[in-house]
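Let me begin by presenting the structure, written as structure tokens, before commenting on it.
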Amino acid sequence: LVALTGGAGLSRGTQLAAFTLLALAFAVKSPLWPLHSWLPDAHTQAPTVGSVILAGVLLKMGTYGLIRVAVGVAPEGARWAAPALGVLAVAAIGIGGLVCLAQDDLKRLIAYSSVGHMGFVLLGVATLTATGLQAALIGNIAHGVITGLLFFLAGAVKDRAHTGSLAELSGLRETAPRLAGLLGFAAVASLGLPGLAGFWGEAFAVVAAVQRGGPLWLTLAVLAALGGALTAAYFLRLLRRVTHGRPSPAVAGLAPGLAGAELTAWAPLALLALAVGLAPALVLSYASGPVEALLGVVP
């Protein structure tokens, strides 16, 4: 009832406390920086299907809960915490990108990339605008689809080559061109190439910060855009090290084809990444009504 009435009956102090506690809980679940430290180890140790479920479904409960529950229950608290959330979001984007540039393991790089992507989602939420919340929702969906596909592909590479080290995976396109092509597609989708699903959440989050206006939000928009360039840098580095060059001993004997079960699992994710990228209204049209209703209770 409280969530439906936008915190009616709760004092300002109660809303500030409630939002703080709820935001901390959902930040761990998402995970949002700096409460993300459990995520890389969880992904690294989990089997491929576990990583896909974690990235594609379970983490989304945290970011959706932040929007629907935390903002819905304590909108005044959300307004009070918005600048701090924006700063934390941009820190996550920048730090996540820098950490990814230093990674030498395929699964850990993909895991750390989630920190930066969730930073864009948090930035959209922090603006408390229709554009920002739409950016958060479509970014949430895009991240689940694309990162799920990336973990499927990382698992396939590791199962075939028996290693996840970037230094031992060069030349994949020479021995397994179909697998390398899908990995390239997923990587450019995740770095935000226009026309693919990853573009809209990041672009709209930056636009929302600009629309919010003021020195703080304009600075955050610029820093977030620079963080998007870091995302491109570490994914292109990944592709250069894994798909290009002379085939390493670990990938020299890989079979060039893909199994039917693999194509059955991966094709829907690739098609969704393309469909949402080309027609974002598939997501935005369904979210517009709930977003406007939620913003109606935010002071």
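Please enumerate the residues belonging to segment 69-80 that are crowded, with 20+ Cβ neighbours inside 10 Å and either of a type in the set (D, E, K, R) or within 23 Å of the chain's Cα centre (by Cα) (or both). Talk me through it step by step, then tell me what you get.
The first filter runs over segment 69-80 and keeps only residues crowded, with 20+ Cβ neighbours inside 10 Å, leaving 70-78.
Scanning segment 69-80 gives 70, 71, 72, 76, 78.
Note on segment 53-68: residues that are surrounded by fewer than 18 Cβ atoms within 10 Å (Cβ to Cβ) and either closer than 13 Å to residue 16 by Cα or among the aliphatic types (A, V, I, L, M) (or both) total 4.
Could you check segment 214-254 and list, in sequence order, the residues that are outside any helix (DSSP H, G or I) and touching a helix residue (DSSP H, G or I) at 6+ places or on another chain (Cβ under 9 Å)? I'd like the intermediate steps shown before the answer.
Quick first cut of segment 214-254, residues outside any helix (DSSP H, G or I) only: 214, 244-254.
Answer for segment 214-254, where residues must be outside any helix (DSSP H, G or I) and touching a helix residue (DSSP H, G or I) at 6+ places or on another chain (Cβ under 9 Å): 244, 245, 246, 247, 248, 249, 250, 251, 252, 253, 254.
A single entry from 173, 237 fulfils the requirement of being within 30 Å of residue 260 (Cα to Cα), among the charged types (D, E, K, R) and over 22 Å from the mean Cα position of the chain (by Cα): 173. For segment 29-47, which residues satisfy the criterion of being surrounded by 17 or more Cβ atoms within 10 Å (Cβ to Cβ) and either in contact (Cβ under 8 Å) with a residue 60 or more places away in the chain or part of a helix (DSSP H, G or I) (or both)? Of everything in segment 29-47, those that are surrounded by 17 or more Cβ atoms within 10 Å (Cβ to Cβ) and either in contact (Cβ under 8 Å) with a residue 60 or more places away in the chain or part of a helix (DSSP H, G or I) (or both) turn out to be 29, 30, 31, 32, 33, 36, 39, 40, 43. Take residue 209 and decide whether it is more than 17 Å from the chain's Cα centre (by Cα), crowded, with 23+ Cβ neighbours inside 10 Å, at pLDDT 90 or above and under 17 Å from residue 90 (Cα atoms). Yes; evaluated as a whole, the condition is true for this residue.
The values are calculated or read from the model by the stated rules, or taken from the named source; none is laboratory data. Just so we're clear, the structure is a prediction, and the values are computed from it rather than from any experiment. Every residue, glycine among them, receives a Cβ derived from its backbone with ideal geometry; neighbour counts consider all protein chains shown.
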